[in-house]
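K.L.:
Dumping the structure here so I can ask a few things about it.
Taken together, the values in this text are just the output of simple stated rules run on the coordinates, not laboratory data. Remember, it's a predicted structure, so these values are computed and weren't measured experimentally. Cβ: placed from backbone, ideal geometry, glycine included. Neighbour counts: every protein chain shown.
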Amino acid sequence: MTISIVDVKFRNQEFSSLLEIRRPKTSTPRGTEPKAGMNGRENTYPPTPAKRTGTGESALSDAMSREARESPETSPATTNTRSSPSRTAASTTLPYESARTRGLAGGARRRPAAASHRSSIGRVRTRKKAAPDARREWRDWAAPRRPGGGLTAGFVKKKPSLDPPFPAASAAAANEMAAALLLRGLRSSASRAHTHSLSHASSPSALGSSLLRRLYSSAAASTAASPALTPSGVMNPSRIRNVAVIAHVDHGKTTLMDRLLRQCGADIPHERAMDSISLERERGITIASKVTSVSWKENELNMVDTPGHADFGGEVERVVGMVEGAVLVVDAGEGPLAQTKFVLSKALKYGLRPILLLNKVDRPSVSEETCNEVESLVFDLFANLGATEEQLDFPVLYASAKEGWASLTFTKSPPDNAKNMSSLLDSIIQHIPSPKADLEAPFQMLVSMMERDFYLGRILTGRVRSGVVRVGDKVHGLRSTDDGVQKIEDGKVIKLMKKKGTSMVTVETAGAGDIISMAGLAAPAIGHTVSNSEVMTALPTIELDPPTISMTFGVNDSPLAGRDGTHLTGAKIGNRLMAEAETNLAINVLPGPLSESYEVQGRGELQLGILIENMRREGFELSVSPPKVMYKTERGERLEPIEEVTVEVDEEHVGFVLETLTHRKGEILDMGPVPGTTGRTRIFMTCPSRGLVGVKGIFSSFTRGTGFMHRAFQAYAKYRGALGSVRKGVLISVGKGLITSHALMSLEARGILFVSPGMEAYEGMIVGEHSRDSDLEVNPVRTKELTNIRAPGKDENVRLTPPRLMTLEEAIGYVAADELIEVTPKVIRLRKKYLDSTKRKMMKNKPMD
């Protein structure tokens, strides 16, 4: 069927129009013939056709002039009444609209009334009836429906037309219809809601100006909601901003990301929405970098949330190459700390434009003077790290991510209308440059992230360096080798995805400068290049700092092995470690010294502890050696990794901290009171990485959670010598079976116990810490001998001190070189490397690895 616009003349007005449906000539069901107009009047046609308007603007002005002439002030009696329609012939046809859409301005081209119109009029006159209910008759005439749901009666039945049933509407006609539809809707709503105000309209021009303002404001809002696209259908690179949020741990960047997502209209299901890993939510830290995108003022912001802990510095290093700017979040009360320096150095190295955000300014201890002090410290840090003049000219904002606002000037509580993140988002658009991208060049993308999907396989995420990629394009993976560029795999793009807020959406195409995820290739990994089939040039790879510690992962060979886990063999452990090394470039996996063992290298014991915990939850059983520091040898001199340590404690704990770190070859750089506090001291030190293994748990226990210690890798330096005494001996089990309370009662005086009655023990298992520096072999499974002496209720008075149950991180920092950690999905046990007592004595005099 064909839909055309016909003008309708209300009783004293000529404004709206009606849709006319042309159907082939069929018999009209009884009772569905067109009816007369309201109050029994006939539907008549104007004798002369109206002149066609040329553009949407002329149609708009014409409709506005009619609206002003027909305003309620000229005819108050017709303010809330509807007039009977009259139709004219119309030749301009438009796509199908709903039955409710009938009010159209007379901008369509008119044609003289034809014979078919006259016959229709005659039919209407012969069927004329007096309508008892004019309003109901109007509804029946305007929108009657047949039982099947189609529109039938009420529209003039015309002869079959030879014209195409759905001719394409011209741009001018579409503009005319849109303008008239909007004016009709505005007038209807104004008549219903503000009848009294319309009756006092000063002039037709005032009404037209009001309608015009509303029209253009609605058009502006519609334009802002849809960012501009290029002719090829991809986002314009000038509308893209790629930004990383970097900060020291616990300075509020993840909370800031939540507020930015909410400000841009994303649906946040819970706090810390970007922390999607279960361990992140449990421990309150960010482990892996995540990318998401939000829209703000016709621009698309690709935001990257990065970890703040030093052990996960590799996550920061691999994503800074995807962005052009960074938001440096600094706690206004603490100032820049160790990890602040690390992440900032990486950002400045890649030439990122920074924005300084002083967070937590709503705290009572933070004043404007404090913020000025912190700003000066950050500026000095920029200068010491070799920032350029452009980078030194960074904007400063003040924010409270917890309360959800940011400001360009210092304030404790902005006005209610300014309690949002608009200032930060505007600063990102203003100060962060758009990516330099060439849409005409061949497609190239450097893979920066990788994950696996059960259905799609390997999902590669990265920034498109050049060109345009579409679903179905043929691509291949490339990597740089010593012999040149090597092709890894040929394939095609089967799916393109992009993170929007907290959900992943599918896209059909993506252009240069944008950050996307793709599926279709199974071999490329992080650091490789994905490009069009004709391109054989690989992009520069990511440079990462070297790992500092290593641990050996092997098969669990204890007497209790295989009871809890499902993945027990060395092959499964090796496959899992290799998969981890593909997704996390900061981890290296090498063959171990023994069969079915693997050496895993990383940045710190926390990073490797997270890996072990994930494997444990996946059903793996394994044995893990204590961490070993990776040394370097240059010019015949032994070098070891040195870390920068920042400690803040109460004054009463300063002596303990200095004594503990001095035993571990630590050296003091600076010490002084914490600004804005009373009785708090901040200490800056350097210490070897091997001396910091296991110190975190001791520090937290002694300070009772009131102090904090942060560390970051500094450089390799000269070996500082052997460490002092950092741990006492252990209690070693010589029996196998269930541990009894009778045996533990006599062992309490020997030291601190790690086990409780009812647990299983075996020979060579560590059950406690000795009170002296030497190891002691004990029997924790000894039972009370039975005698013929009756002693009912004698054992009921046994009371034991609660044991010290170690977490995985504490166990990693506790074990010595000749000991292992037995990890299963249910328990964590400590054991000697050699379970047999005789063999331990034989190996005692041999040097350990």
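K.L.:
Run the numbers for residue 774 and residue 696: contour at 0.36 nm per residue of separation, minus the present Cα-Cα distance, in nm.
P.N.:
25.7 nm
K.L.:
If neighbour count is taken as other Cβ atoms inside 10 Å, put 360, 474 in order from fewest to most. If you can, show how the numbers build up before the last one.
P.N.:
Numbers: 360 22, 474 12.
Fewest-to-most ranking of 360, 474: 474, 360.
K.L.:
I've got another one for you. Exposure proxy check: 528, 248, 476, 663 ranked by fewest other beta carbons within 10 Å? Don't skip to the end; give the middle numbers.
P.N.:
Numbers: 528 24, 248 28, 476 21, 663 14.
Least to most surrounded, the residues fall as 663, 476, 528, 248.
K.L.:
Okay, next question. Would you mind checking 253/499; 290/412; 628/718 for any pair whose Cα atoms are more than 22 angstrom apart?
P.N.:
Details: 253/499 19 Å; 290/412 31 Å; 628/718 17 Å.
Check vs 22 Å cut-off fails for 290/412.
K.L.:
Under a Cβ-Cβ cut-off of 9 Å, what is the net charge of the residues other than residue 771 that fall near it, where Lys and Arg count +1 and Asp and Glu count -1? Intermediate results must be reported in sequence, preceding the final value.
P.N.:
On the way: positive: 728, 750, 772; negative: 769.
Surrounding charge for residue 771 is +2.
K.L.:
Give me the extension gain from residue 503 to residue 671: residue separation times 0.36 nm, minus the current Cα-Cα distance, reported in nm with one decimal.
P.N.:
Numbers: separation 168, 0.36 × 168 = 60.48 nm, distance 4.66 nm.
So the chain would gain 55.8 nm between residue 503 and residue 671.
K.L.:
Suppose R0 equals 30 Å; then what is the FRET efficiency for residue 541 and residue 717 from their Cβ-Cβ distance, rounded to the nearest 0.05? Please report the intermediate quantities before stating the final value.
P.N.:
Numbers: r = 28 Å, r/R0 = 0.92.
With a Förster radius of 30 Å, E is 0.65.
K.L.:
Now for a different question. Count charges around residue 700 for me, please; just the other residues with Cβ under 15 Å from its Cβ, Lys/Arg as +1, Asp/Glu as -1.
P.N.:
Details: positive: 283, 696, 704, 711, 804; negative: 250, 605, 648, 650, 809, 810.
So the surrounding residues net to -1.
K.L.:
Also: If the limit is 25 Å between Cα atoms, which of 487/572; 784/839; 696/728; 728/826; 736/784; 349/665 go over it? Before the final figure, lay out each step's value.
P.N.:
Values: 487/572 28 Å; 784/839 30 Å; 696/728 17 Å; 728/826 27 Å; 736/784 16 Å; 349/665 31 Å.
Distance filter (> 25 Å) returns 487/572; 784/839; 728/826; 349/665.
K.L.:
When a footprinting reagent is the concern and you count Cβ atoms within 10 Å, what order do 665, 412, 832 take, fewest first?
P.N.:
Values: 665 19, 412 14, 832 23.
Least to most surrounded, the residues fall as 412, 665, 832.
K.L.:
How far is it, in nm, from the label point at residue 596 to the one at residue 618 when both lie 7 Å from their Cα along the line to the Cβ?
P.N.:
The two pseudo-label positions are separated by 1.8 nm.
K.L.:
Now, a different point. What is the gain in length, in nm to one decimal, between residue 416 and residue 704 on full extension, counting 0.36 nm per residue of separation less the C-alpha to C-alpha distance? Can you show the working numbers first?
P.N.:
Details: separation 288, 0.36 × 288 = 103.68 nm, distance 3.96 nm.
Taking 0.36 nm per residue and subtracting the Cα distance, the gain is 99.7 nm.
K.L.:
A further question on this structure: Relative to a virtual label point 7 Å from the Cα of residue 451 in the Cα→beta-carbon direction, which members of the range 613-649 show backbone nitrogen distances below 11 Å?
P.N.:
none
K.L.:
Less than 10 Å Cβ to Cβ from residue 616, Lys/Arg counted +1 and Asp/Glu -1: what total charge do the surrounding residues give? Provide the component values of the computation, followed by the final result.
P.N.:
Details: positive: 617, 826; negative: 564, 613, 618, 621.
Summing Lys/Arg as +1 and Asp/Glu as -1 gives -2.
K.L.:
Which trypsin sites (Lys or Arg not before Pro) does the range 568-629 hold that lie in a coil by DSSP with at most 15 other beta carbons within 10 Å? Could you put the intermediate results ahead of the total?
P.N.:
Values: sites: 572, 576, 603, 616, 617, 628; in loops: 603.
Those that pass, being in a loop and sparsely packed, number zero.
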